[in-house]
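Just below is one structure, and these are the notes that go with it.
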Amino acid sequence: MSAPRMQSRRATHRARSSPFVPRPRRPPNEPGPPARRPAGGFAGTAVLRPALPAALLLFLAVLLRSGAMDGLLNFLDFGAGVLALVSLSVTVLWGLAATDRMVLKSGHRLLAQAVHRGTGVAGLGFLGLHIWVKVTEGHTDATAAAVPFTDGARPGLIGLGTLAAYVFVAVAVTGAVRGAFTGITASRWWRGLHMSAYAAWGLALVHGLRAGRPAAGYALVGYAVCLVAVAVRLALRMRDSRRNTGELP
């Protein structure tokens with residue numbers, strides 16, 4: 001048997017025994033198989049899109065009709081400010097905890113920073129809701145809420161809350177763009193502004209305890225404990241920072 005014939009038979013045997021046989025290519029102009037649609041198709045999605053806003057409007061109409069919205073506003077009239085103050089207090093405590101290097105490891109500090117940012121966002125949300133409810137209910141006006149110490153009835157206490165709100169917003173914005181503060185001078189400015197949140201928290205405490213209705217006894221005790229804890233932890237942080245670097249944190 002000649003060599004070319006033997007090579008041809010070997011190639012045929014390899015092609016038959018190989019499980020990976022190339023499929024014939026489809027011409028470029030020939031359309032492929034139709035794509036499978038998910039269960040329900042696009043018809044269900046098209047029906048749900050207008051149904052969701054309609055259901056939301058119906059839910060709001062039922063709330064207004066039943067008087068539940070009035071009860072919600074009455075609750076938020078007092079509860080939104082309390083939630084904002086509690087969230088911001090937790091934010092301050094977790095921010096101090098995130099700087100601890102004696103007890104917490106790097107992974108724990110990252111978790112503390114995440115909780116610090118999350119509670120800060122929640123506190124700003126409750127703060128905006130608190131301001132909106134107070135203006136809507138007529139306890140103050142938009143000018144007094146925007147310009148400090150311009151409220152007709154209680155300019156001092158309302159003005160402290162307005163100042164605290166501005167500082168918290170500034171701290172949150174600069175914290176979100178911390179990467180923009182590069183260099184030694186810019187970093188010191190950022191740290192000084194970030195530490196002003198402690199003073200703003202103190203102003204918010206005075207505003208919350210004195211501007212609204214009298215606080216319950218357990219609330220006073222809780223805020224006092226938070227105040228002492230923040231003061232002690234801040235003093236320890238400043239002492240350790242001076243010992244290590246010779247400057248404020």
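The values are calculated or read from the model by the stated rules, or taken from the named source; none is laboratory data. Because the structure is predicted, anything quoted here is derived from the model rather than measured. Glycine also receives a Cβ, built like all others from the backbone with ideal geometry; neighbour counts cover every protein chain displayed. What goes into the accessible areas is simple: the full protein's heavy atoms, side chains included, and nothing from ligands, DNA or RNA. Shrake-Rupley method; radii C 1.70, N 1.55, O 1.52, S 1.80 Å.
Data overview
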read-out: Heavy-atom accessible surface of region 100-219: percent carbon and sulfur, 1.4 Å; value: 68 percent
read-out: Convex hull (Cα only) mean projected area of region 107-246, reported in nm² to one decimal; value: 10.3 nm²
read-out: Charge dipole (region 88-212, unit charges on Cβ, about Cα centre) - positive-most of 164, 102, 116; value: 102
read-out: About the Cα centre, charge dipole magnitude for region 78-191 (Lys/Arg +1, Asp/Glu -1 at Cβ), debye; value: 600 debye
